[in-house]
Amino acid sequence: MILLAYDARELNHFLERHGTRAVDRVFSAGDVRILLAIVKYVEDRWNVAHDSGEMGVQTILVIEDNGPLLLVVLPMIYAEVMQHAHRLVPEGVNLSHKLLRIQARPKIVLSSTFEDAWADFEVYQENVLGVISDIEFR
């Protein structure tokens, strides 16, 4: 479950009352592109084990513990990855082949802590294309 909030004060009030036990990730919206990034993030989380393990699709590990920075960085990463995936598909290929190639784009694996990132790295290390992090953990 993803929690998307538009007001930081209301989000803090909600989290104080309810916590985050039932929520997988919290996003605070500002940029409309975050909606596409959230959809792609959920798709990647569901599919990364199969796609990376059985199909050899590459993964990009993103380690970020700063929520506001993540709102800026995540849409940019997904936009860039999708742009590269579309460029790799030749124009003369049929629609089903285009969709297959686009689905084979690198999957983004998002972690908030070093420990989670290390666990993800150990699982997907054979197919890690890169790691994006600010190298600052609180």
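Things worth noting here:
- Any chance Glu115 is modelled with pLDDT of 90 or more, out of contact with any Asp or Glu (no Cβ under 9 Å at 6 or more places or on another chain) and closer than 26 Å to Asn12 by Cβ: yes
- Region 65-84, subset at pLDDT below 80 and crowded, with 16+ Cβ neighbours inside 10 Å, residue nearest to Ala5 (Cα to Cα): Leu71
- Filtered residue count, region 113-132, keeping only those that are within 26 Å of Gln83 (Cβ to Cβ) and either among the β-branched types (Val, Ile, Thr) or buried (at least 16 other Cβ atoms within 10 Å of the Cβ) (or both): 8
- Qualifying residue in region 30-41 (condition: closer than 21 Å to Phe114 by Cβ and at pLDDT below 90): yes
The values are calculated or read from the model by the stated rules, or taken from the named source; none is laboratory data. The structure displayed is predicted, hence computed values, not measured ones. A quick note on method: Cβ atoms are made from the backbone with ideal geometry, for glycine too, and the neighbour counts reach across all protein chains shown.
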